[in-house]
Amino acid sequence: AALPAAGETDSEMNKNICLQAEHLANHWGGVCAKKIPQMPEEILYGSIESGGIVCGLDTASIEPICYDYQKQYYLVISGTPQSGKSQTLHMLGRQMKEKLGGSLHLIDAARSAPADLQAAAAGYATTAEEIHKFFDRLMPILQERSNQPVEKRGEFMPIIVLIDDFSKFYSVVNDKTVSRLEAISKLCDGLRVYLLVAGDATELSVYRSK
């Protein structure tokens, strides 16, 4: 169907439609319809205003989708290969560090994290030895926190842990470290420890079934 405006090309017709719409808007004195939200072609980091940790935009309402870290201290980011899992993990980690402060720790067995995120992290572990040492240091801190009265737990400095490429992580660590990760995911509610994991959906499902 032809567009209701003059023009030899689609671009010219679209331009003329916009001019007609602007003319009508300037001369119409009645109630106008609400503007139809459109998904932007590019979303720059920090361009979405929200009180929470922004994960993205809802495709229907174009409103921010946020991760509520106060209700859930761990988050799993899953999907198909090359679907943006690592980028999402890095974006959320940056936001949490900016909003909460504390210390950011990045476990990156695939060595894919950008340099600026590595620089912002208090700890960056890529090898099995480095990962094991990180958990060796973390577990006594969590044990000490769990022994504190509930009313004092809000004073703890946040500890943000990002694990990228879970299948690679799982392939290099020992059973002790896996057990420690399971303990963190189950027992750290209220200790101001936040665990964010990214990985392939199929592989995460296999691990969960184990």
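Just to be sure I understand, if you calculate percent of Cα pairs over 24 Å apart for this structure, which of [x] 46; [y] 54; [z] 41 do you get?
[y]
Would you mind calculating the gained length between LYS152 and ILE62 on full extension (0.36 nm times residue separation, minus the Cα-Cα distance), in nm to one decimal? Before the final figure, lay out the partial values.
Numbers: separation 90, 0.36 × 90 = 32.40 nm, distance 3.91 nm.
In short, 28.5 nm is gained.
With the full set of protein chains in place, find how many percent of the accessible area of the chain is carbon and sulfur; take the probe as 1.4 Å. Before the final figure, lay out the partial values.
Values: 7040 of 13440 Å².
Ligands and nucleic acids excluded, carbon and sulfur give 52 percent.
Cross-chain or 8 or more residues apart, Cα under 19 Å: how many lysine pairs in the chain fit that? Count them up, please.
Taking the chain as the scope, the lysine pair count is 14.
Mind checking the per residue accessible area of the chain for me, 1.4 Å probe, whole number of Å²?
On the way: 13440 Å² over 210 residues.
Heavy-atom SASA per residue in the chain reads 64 Å².
What dipole magnitude, in Debye to the nearest 20, does the chain give about its Cα centre under +1 on Lys/Arg Cβ and -1 on Asp/Glu Cβ? Write out the running numbers ahead of the final one.
On the way: 21 positive and 26 negative charges, 177 e Å.
Approximately 860 debye in magnitude.
So who's got an amide H within less than 5 Å of the one on ASP200, skipping anything under 5 residues away but keeping other chains? H placed 1.01 Å off N, in plane.
Amide H neighbours of ASP200: PHE166, SER167.
Tell me, what ³J(HN,Hα) does each residue in the stretch 166-173 have, in order and in whole Hz, if you take phi through Karplus 6.51 cos²θ - 1.76 cosθ + 1.60 with θ = phi - 60° and put x for Gly and Pro?
After applying 6.51 cos²θ - 1.76 cosθ + 1.60, I find 4, 4, 5, 4, 5, 7, 9, 8 Hz.
If you line up the long axis of helix 175-187 against the longest principal axis of the chain, both from Cα atoms, how many degrees apart are they, to the nearest 10?
In the chain, helix 175-187 runs at an angle near 60 degrees to the longest axis.
Could you tell me the ratio Rg/Rh of the stretch 149-202? Both radii from Cα atoms, Rh via Kirkwood.
Details: Rg = 13.3 Å, Rh = 12.6 Å.
Dividing the radius of gyration by the Kirkwood radius yields 1.05.
So what does log10 I(q)/I(0) come out to for the stretch 34-152 at q = 0.18 Å⁻¹, using the Debye formula with one equal point on every Cα and no solvent?
-1.15
In square nanometres and to one decimal, what's the mean projected area of the convex hull around the Cα atoms of the stretch 1-89?
Averaged projected hull area, Cα only: 10.4 nm².
Charges on Cβ only, +1 for Lys and Arg, -1 for Asp and Glu, centred on the Cα centroid of the stretch 54-172; of ILE160, MET96, ASN147, which one is farthest towards the dipole's positive end?
In the stretch 54-172, that residue is ASN147.
Between the stretch 51-126 and the stretch 132-169, how many Å separate their Cα centres?
17
Taking the Cα centre of the stretch 22-131 as the origin, how large is its charge dipole in debye, to the nearest 20, when only Lys and Arg (+1) and Asp and Glu (-1) carry charge on their Cβ atoms?
On the way: 8 positive and 12 negative charges, 40 e Å.
With Lys and Arg at +1 and Asp and Glu at -1, about 200 debye.
Mind ranking 147-157, 44-54, 92-102, 117-127 by how tightly packed they are, going by the mean number of other C-beta atoms within 10 angstrom, highest first?
Numbers: 147-157: 9.5, 44-54: 12.5, 92-102: 17.9, 117-127: 15.6.
Per-residue Cβ counts within 10 Å, averaged per peptide and sorted highest first, yield 92-102, 117-127, 44-54, 147-157.
The values are calculated or read from the model by the stated rules, or taken from the named source; none is laboratory data. Being a predicted model, the structure only gives us computed values, none of them experimental. All Cβ positions, even for glycine, are placed from backbone atoms using ideal geometry, and neighbour counts span all protein chains on display. Note: areas computed on protein heavy atoms with side chains; ligands, DNA, RNA excluded. Shrake-Rupley method; radii C 1.70, N 1.55, O 1.52, S 1.80 Å.
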